[in-house]
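Down below is the structure, laid out as structure tokens.
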Amino acid sequence: MISPVRRVTLACLLGAALASLTGCGTALAPSAAPVVPSAPTAIASRPPTLAPGPTGLTPVFKHGPRTHGRTVALTFDADMTADEGPRAARGERFDNPRLIAALRALKVPATVFMTGRWAEQYPVQARTIGRDPLFEIANHSYSHYAFTGDCYGLPTISQDRMRAEVERTYAAFRRAGVPDPMPYFRFPGGCYDRLALRALTPTGVTAVQWDVVSGDAFATDAGAVARQVLEGVRPGSVVVMHCTTSAAPATERAVRTVVPELRRRGFRFVKVSELIGDAGGRG
């Protein structure tokens with residue numbers, strides 16, 4: 001029998017793999033400044049976000065322009081729920097150093113959407129990833145609880161705690177020594193609605209979804225994961241994968257297949273921030 005905690009972890013990853021099928025509201029960017037800490041001298045180089053709009057909801061970005069060259073962004077969710085500490089203490093690996101090493105060896109820029117709990121469990125890794133110019137770290141909530149009801153069995157966070165979830169994660173990044181986390185947020189399970197988008201407006205984040213599901217959650221066939229990615233990628237695509245050894249063991253091997261093949265096809269790997277910059281305020 002699968003334990004309740006195991007079911008939550010499975011739901012976390014399967015939610016991300018299925019969430020591209022859920023209905024998502026159209027949103028425009030807020031005008032509030034992000035909660036991401038930055039020095040006053042860095043204001044001019046603030047990372048791009050989607051342009052403000054009249055509705056005042058948090059903007060949602062799914063992919064970059066299809067006509068700005070053959071670019072693609074690989075994104076990796078570093079998932080860990082607030083109550084999985086005992087499993088980590090028993091030796092379960094929610095990190096994936098081999099994957100990060102592979103990306104470095106292949107010289108592939110990437111965006112890592114990290115939960116605050118993951119940063120607390122692996123502060124040295126969070127810091128070294130955040131300080132590596134090859135990568136950028138973005139917000140994936142603190143607890144990986146759902147921001148809507150009925151999100152693949154995930155526990156649901158109340159609306160009045162949503163903003164605090166985002167801010168608590170940035171605080172965890174600061175404690176870990178991550179220097180410049182991005183003003184981007186990925187909803188756990190990819191589930192959101194207008195209430196969730198409105199709750200996050202004061203944080204100034206841009207919500208980042210995806211248009212290519214890798215299918216790496218609990219997959220053991222790296223070839224199948226690679227084929228799914230290669231069949232789905234288009235210019236400007238955002239690919240969702242995972243950075244969790246125990247729950248996505250085939251990801252590193254799949255990446256070693258995907259990267260050279262996409263390069264052979266003329267694709268250039270970029271971070272999400274470059275795609276958002278290319279979008280010019282459109283999600």
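The values are calculated or read from the model by the stated rules, or taken from the named source; none is laboratory data. As the structure is a computational prediction, the values presented were derived from the model and not from experiment. Heads up, the Cβs are rebuilt from the backbone with ideal geometry, glycines too, and the neighbour counts pull from every protein chain shown. Keep in mind that these areas ignore ligands, DNA and RNA; they rest on the heavy atoms of the full protein, side chains included. Shrake-Rupley method; radii C 1.70, N 1.55, O 1.52, S 1.80 Å.
Of the numbered conditions (1) under 15 Å from T75 (Cβ atoms); (2) in contact (Cβ under 8 Å) with a residue 60 or more places away in the chain; (3) in contact with a helix residue (DSSP H, G or I) (Cβ under 6 Å, 6 or more places away or on another chain), S237 fails exactly one; give the number of that condition.
If we test S237 against (1) under 15 Å from T75 (Cβ atoms); (2) in contact (Cβ under 8 Å) with a residue 60 or more places away in the chain; (3) in contact with a helix residue (DSSP H, G or I) (Cβ under 6 Å, 6 or more places away or on another chain), just (3) comes out false.
Right, P59: open to solvent by 10 Å² or more (accessible area, probe 1.4 Å) and either modelled with pLDDT under 95 or closer than 17 Å to V272 by Cβ (or both) or not?
Here the answer is no, as P59 does not meet what is asked.
Only residues in the stretch 254-283 that are open to solvent by less than 20 Å² (accessible area, probe 1.4 Å) count as the first member; pair them with residues that are part of a helix (DSSP H, G or I), Cβ under 6 angstrom, at least 6 apart or cross-chain, and list the lot.
From residues that are open to solvent by less than 20 Å² (accessible area, probe 1.4 Å), the pairs are A254/A222; A254/V225; A254/A226; V255/A102; V258/A226; V258/V229; V259/L106.
Yes or no, residue by residue, for (1) at pLDDT below 95; (2) more than 18 Å from G56 (Cβ to Cβ); (3) of a type outside the set (S, T, N, Q); (4) in contact with a Lys or Arg (Cβ under 6 Å, 6 or more places away or on another chain):
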position: L154; (1), (2), (3), (4): yes, yes, yes, no
position: Q159; (1), (2), (3), (4): no, no, no, no
position: V166; (1), (2), (3), (4): no, no, yes, no
position: A171; (1), (2), (3), (4): no, yes, yes, no
position: G215; (1), (2), (3), (4): no, yes, yes, no
position: V225; (1), (2), (3), (4): no, yes, yes, no
position: V233; (1), (2), (3), (4): no, yes, yes, no
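Which of the following residues is open to solvent by less than 20 Å² (accessible area, probe 1.4 Å), closer than 22 Å to V258 by Cα, assigned to a helix (DSSP H, G or I) and modelled with pLDDT of 95 or more: A102, A126, A119?
A102
Checking P260 against (1) more than 20 Å from V108 (Cα to Cα); (2) modelled with pLDDT of 95 or more, which single condition isn't satisfied?
(1)
Determine, yes or no, whether A226 is open to solvent by less than 10 Å² (accessible area, probe 1.4 Å), more than 19 Å from D132 (Cβ to Cβ) and touching a Phe, Trp or Tyr at 6+ places or on another chain (Cβ under 7 Å).
No, not satisfied.
Filter the stretch 62-99 for residues that are assigned to a loop (DSSP other than H, G, I, E, B) and open to solvent by less than 20 Å² (accessible area, probe 1.4 Å) and give the result.
G64, D79, M80, T81, E84, F94, D95, N96
Among the numbered criteria (1) of a type in the set (S, T, Y); (2) part of a helix (DSSP H, G or I); (3) open to solvent by 50 Å² or more (accessible area, probe 1.4 Å), which one does Y170 miss?
Unmet condition: (3).
For the stretch 185-199, check the following and say yes or no: at least one residue is open to solvent by 10 Å² or more (accessible area, probe 1.4 Å) and within 19 Å of T111 (Cα to Cα).
Checking the stretch 185-199: not a single residue is open to solvent by 10 Å² or more (accessible area, probe 1.4 Å) and within 19 Å of T111 (Cα to Cα).
Test P181 against the criterion of being in a loop (DSSP other than H, G, I, E, B), under 16 Å from the mean Cα position of the chain (by Cα) and modelled with pLDDT of 95 or more, and give yes or no.
Yes; evaluated as a whole, the condition is true for this residue.
Pairs only if they're at least six apart or on different chains, beta carbon under 8 angstrom, first in the stretch 159-188 and farther than 26 Å from L74 by Cβ, second assigned to a loop (DSSP other than H, G, I, E, B) and open to solvent by 20 Å² or more (accessible area, probe 1.4 Å); list them, first residue then second.
Note: pairs meeting the criteria are E167/V35.
Just to be sure before I move on: is A44 farther than 21 Å from E165 by Cβ, at pLDDT below 95 and in a helix (DSSP H, G or I) in the structure I sent?
Yes; evaluated as a whole, the condition is true for this residue.
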